[in-house]
1. Starting from the Cα coordinates of the stretch 301-356, work out the convex hull volume and express it per residue in Å³.
2. Give a quick list of GluC sites (Glu not before Pro) in the stretch 514-592 that DSSP marks as loop, anything other than H, G, I, E or B, with at most 16 other Cβ atoms within 10 Å.
3. Around residue 525, with a cut-off of 12 angstrom between Cβ atoms, what is the net charge of the other residues, counting Lys and Arg +1 and Asp and Glu -1?
4. How many percent of Cα pairs in the stretch 372-491 exceed 16 Å?
5. When all protein chains stay in place, what accessible area (Å², nearest 10, 1.4 Å probe) is found for residue 768?
6. With N set to the number of residues, divide the alpha-carbon radius of gyration of the stretch 718-780 by 2.2 N^0.38 Å and report two decimals.
7. How would 250, 378, 682 line up by accessible area, probe 1.4 Å, largest first?
8. Alpha carbon centre of the stretch 551-566 versus the stretch 432-494: separation in Å?
Amino acid sequence: MNFSLYTTKTAEEIFDEFKVTQKGLENGEVAHRLNEYGRNEIEAKEIRWWQIFLRQIKSPFIYILFVAALISSFLGELTEAIMILIFVVINATLSFLQEYHSEKNLKLLKKYIVSRAKVRRANEELTIESQNLVPGDFVIVEAGDKIPADLRFLEENNLMVDEEILTGESAPVHKTAAAQAQPAKEFYQAENIGFSGTVVVAGRGAGVVLATGKNTGLGGIAKLTAETKRVSSFEKGILGFSKFILRLILITIVLVFLANILVRGEKANIVELIIFSIALAISVIPEPLPAVTTISLSRGALQLAKSKVIVKRLSAIEDLGSVEVLCTDKTGTLTENKLAVEKIKATNEEDCLFSAAIASSFLSGKEKKPTDAFDIALCEKLSPAAREKINQHKRLAEIPFSPARRRNSVLVQTDGETELIVRGAPEIIFELCPKLKEPEKNSLKIWMAAEGALGHRILAIAKKKISAQDNYDLEKEENNLQFLGIISFVDPIKKTASHTIAQAKNLGIKIKILTGDSPEVAGAVAYKIDLINSPHEVITGDEFDAMTHEEKHNAALNYSVFARVSPEQKYNIIKLLQEENEVGFLGEGINDAPALKIANVAIVVQSGADIARDAADVILLKKSLEVIVEGIREGRKIFANISKYIKVTLSSNFGNFFAVATASLLIDFLPMLPIQILLLNLLSDFPMISIATDTVDQDELKRPKSYNIKEIVLLTTILGVVSTIFDFIFFGLFYRISPGVLQTNWFIGSVLTEIILIFSVRTKFFFLAAKRASTFLIGLAVLTVAITITLPLTSFGQKIFNFAKPQTNHLWLIFGIVICYFTVTEGVKLIYYRFTNHSQKIPA
């Protein structure tokens, strides 16, 4: 529904278009329209649980693991097959539970479709279930009501509506029944429209239903939220890595098999070659990757939980480390989301404040507590004694605030004296105070301009004493007023906001504010926290929409503050940013839901709306935003450890793979038996899993992280070549002795080199200058080394795995080669990082 079409229409035009009168619709017409337009509820295409589950296994890496499990089972390695399947089941189950929960977003939006509504039908006022409202119904709303559908107000009495869930504006707005001169394009411009899900905080109103259910403004947000699907940077990185491994394995099987056929000719044992080629290919597969990621992410979630942060999607922790741009909604995240009295410009500040409070609507006796943001701020500023003194005043008459008058007036009586107090826009109050001299006006205007530049809201107050009368005409009495002063109001910036923003910048993250608030307020907040150099460096939603696609792209990258933006505009800005960046979004309102859903990482504060919290990946239970910085650090630690695992496993697996594949062409027996290859793979996996618990150098935390497949392949290929060279040294030393000796000693050497490689690749620095490895990693590495050396010495190892009992001098020779391998690997690594400028400093 295009609500802007109805903002400029008169009451008569609205009645005519919807074929209704002030008496309301007839019951027969209601039934007809209910059948035509459907119920007033948000419907969504239901996604079955099994569809969500199937999504979890539609991944090249999962396919690889399933094939590996089948082949391992075929080769008799049931333990290996079971472990692979366990990895897959854990990973798929966690992902399924997270996605199943997130698909409930749409259902939460229904909470904002109220259960009952008051309507006028056939000249009778009724209370009905809101789902039975139809376009053309004449609806009545009062203070405390949630508006049940999009309404065009035709009657109003001091009607104030809280639209923060749609616009992000913290202060309630006054609604009018008059037609607007210009059509409203955005929610905040619609002065005579009541939007579904917003709340009436004061007064009374009545109007015609323009749209229901999915056709409302709230329904449009629901549709955008439901249709938005997120692919996280973690998922994209793992997907790219999986595709690379899959291609490598397919090429491997074909080349090894064909090469052996060409070299050996008729002597080739086809069955044995097939099994060997497949086992060799499986040795490249990093089966523990799901376990490594699950352990890493779970540990990260536990660490953040200590800081009172709930992580709903585990992979979001790692995604935090990739964030390059952090977008945030100003209200409630950077500010306190409430107004406070900032300054008073008056000769008698106490009298000015007291008179402004007397004119507050909640002191009329109709309200037990303040509902208007300005009134709440005034009440909190008063001393307890002043509040008590106000109760001694009796309100005789009032004229509520209206956009046309831009002021409200109250007549109060105390101690036999009657006073008229008027408060409103300064320029209006100035005209009612003829005794206010021009120099004084100019001084006040300068002060107002300075406050306005800071994003402060302004309220002027004046009064006069009048004689007691039976009937008062307040509008006629609004003249020759005594000017009391001006009060400025501010939505206070949270104490931790500036520090948090500065910390984020230090981590290489660009901060952008996306808010529905005014450009003056948004610019002032951004300027105060040193996000922009001038409070005028702001672009509005209308200005953004008027741009070409290329201009929008540049604006999204270059501007740090976007004001008066709608939910769709927030969504589009984030999409543009994602063309070049990984984007995190911090919000809390319903208007943030689509942007939260599409962002790479969605973060919501505890006070956020239900739909915003459910669309989020990370929920902050503490009001302090410093935990975001901790989350980013934790994400980068996890990224670093998963990257370590990938680099170590590919380097060692590539090296062993190239060497064993080449050696198979040079001798008439297999250099390592398929069962030994699988055991090698299994043993090396244990310390690999413990990489998830490893410590991380401070240098790894300074910049946003993302998977660079080319960089990983380049480094692992170089280190793989080093590994291959040393594998050939093992081959050259032992292949003449006997097949059993070569197979056993090569097996021991392969496991030991793979274990020691972890302690080299885990840091970009010289291994002694890096942070100490985690105790768990060291413990599992030592245990694996002990098993590797001991197993070939036992009858069990010799019988089951066909090991030959290693000789003592052979073991010492293997240890010497392993030490040389580690030394060379360290040198190659340091040279690589020096020439690629990945790191130049010694870690802290």
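1. Given the Cα convex hull of the stretch 301-356, per-residue volume reads 152 Å³.
2. Sites meeting the loop and neighbour criteria: 537, 579, 580.
3. -3
4. Tail fraction, whole percent: 65.
5. Result for residue 768: roughly 120 Å² accessible.
6. Output field value: 1.38.
7. Result of the area sort, largest leading: 250, 682, 378.
8. About 36 Å separates the Cα centre of the stretch 551-566 from the one of the stretch 432-494.
The values are calculated or read from the model by the stated rules, or taken from the named source; none is laboratory data. Treat the numbers as computed from the prediction; the structure is a model and nothing was measured. Here the Cβ is made from the backbone with ideal geometry for all residues, glycine too, and neighbour counts use every protein chain on show. These area figures cover heavy atoms from the full protein model, side chains too; ligands, DNA and RNA do not enter into them. Shrake-Rupley method; radii C 1.70, N 1.55, O 1.52, S 1.80 Å.
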